[in-house]
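No value in this document is a laboratory result; all are computed from the given coordinates. Every value quoted in this text rests on a predicted model; they were computed, and no experiment measured them.
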Amino acid sequence: MGVFALVQSSYHLWITPDELRGRVNSVFRPVTVGMEPLSITLTGALLQAIGGVTTILVAVVPQVVLAALTTFILRMSRVDPACE
């Protein structure tokens, strides 16, 4: 989680205007940290219900698809907040 948190916080701080950083962080941190217990609970329930291999597929495939889409969309939009 360390690398993910570093990249995630660096990116959102990079694209957020200085005057909005406090507001963005006040929403961003509780949402991302608050989802951890829910995801652990859901993973446990899925492990019991459908097994290990299927649970891993259910967890990993959507993340890979979202990562690919995000990468594609960002490359297509050519977002460069430093130039604004």
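Computed quantities for the displayed model
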item	result
Surface/4 estimate of mean projected area, convex hull on alpha-carbon atoms of the stretch 2-83, nm²	6.7
Computed lengthening from residue 72 to residue 45, 0.36 nm per intervening residue step minus Cα-Cα distance	6.5 nm
Cα long-axis angle, helix 52-77 against the chain (0 to 90 degrees, to the nearest 10)	20
Helix-derived mean residue ellipticity, 222 nm - over the chain, DSSP H n ≥ 4, -39500 (n - 2.57), to 500	-29500 deg cm²/dmol
Tilt relative to the chain, helix 21-50 - C-alpha long axis, 0 to 90 degrees, to 10	10
Rounded tilt (10° steps) of 2-15 against the dominant C-alpha axis of the chain	30
